[in-house]
Each structure stands twice: as C-alpha cells, then as structure tokens.
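A quick write-up on the structure given underneath.
Rule-based calculations on the coordinates, nothing more; no lab input. Source: prediction; values computed, not measured. Every residue, glycine as well, gets a Cβ built from its backbone with ideal geometry; the counts of neighbours run over all protein chains shown.
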Amino acid sequence: MTIGMGEDDEAIISDRDLLIAAGTGDRWAFAQLMERHAPFALALGIRLLGNADDAEDVAQEAFLRVWRKAPNWDGDGDARFTTWLYRVVINLCTDRKRRKQTLPLDDVEEPPDPGPNGLDHLASTQMRALVAEALADLPDRQRAAIALCHLGEISNFEAAQSLGVTVSALESLLVRGRRGLRNYLSRRGFAASGDLL
C-alpha cells in the first residue's frame, strides 16, 4: 500500500492508514507519522527525564519501534496509535531512569546568558529548573500523568489509556501530582505556584 504525497491528502490521512502504509515500506507515510507525533514524544520525554539528549534518544527508539511494529500493526483493538506511542515513550523513559542515575540539578552550574535580557532569561531558566526538580520529586506515574495532560492536546481518556489506568485513577494521579508539586514549591519558598506547567 502506497499513499500519495499530495498536501491535501496529508491532512485527511489517518494515523492508522499511515501506519499500515508504513508497514508496507512507505517511507513517506512513516515520515508523516514522525512529523505529526515526534514533537510531542520528544516533549514528553523531556518532561519525564529532565534531559533533552536522553529524551531525543527515547523518541528515536520509540519511532524505531513504530517502524518495526508497522508491518504487524493490528490496531491493538480500538486503541489509537498515539495511545500506544505515548505508552512506549513512558515505558522507555521509566527504563532509562532505572538504568541511569543523573546528577541532581543543584550540582549542575547554570551557564551565563550572553543575551541582552539575561536577568529575565535567568529567572525563566531557574523557574524551569525548579519545575523540573519538582517533577523529578514526584513518583513516576504522577509525573507521567502530569506530563501527558499538561504538555499537549491529549484528553484525560487518552492519557489514562496510555498509562493503562481508568480515567478516575488518572484524575487521582493528577490531583496527587499537583499537590506534590505545590508542596515541593512551598518548601522552596513559593507560596503560590501559579500556572508553572
């Protein structure tokens, strides 16, 4: 099965059809899947791992698995492709964290900002680092739930499927995760966390 390369076709071709075409060796279809979903997979990996290089490795491994699974894709029942992909990314991140111990963020020096607006950039960088620390302090499933629901346009239902839990269990993970973030930030002197994610 080969799918045409017209721009109008691209907008209406489903992920499932692209995956089936990729399974027959259609590189264009596979490239479309990557173009659609690699940015979110990478962002999810960064949130879960706190390291862009490791997240890039995870995203590449996830799409390598997509390429390998494409010829045998059965749709896993009624599950969406993205649900399966996000679960793969989460599992790869969990495996990587178990294998590799990284330096605490406190041990890493902040590089000086040569730009003209260095103070604002430094404050933003420090806030991102603080949020990354707070996320790293959460249990894996709470961190994954928050990353899935606050990173992109993913419904609670799809996030729950990606984590293999019910929607109510996901909502419980989100409540506990947000509470954990607030507690972490208040211990660091921030009375109101605001919308940090």
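Annotations
- If you sort the three axes of the alpha carbon gyration tensor as a ≥ b ≥ c, you get a/c of 1.5 or more for region 12-99 and a/b above b/c, which makes it prolate.
- Positive-end extreme of charge dipole, region 12-99 - chosen from Leu18, Val88, Leu48 (charges on Cβ): Leu48
- Alpha carbon centroid spacing (whole Å) that separates region 123-170 from region 35-90: 16
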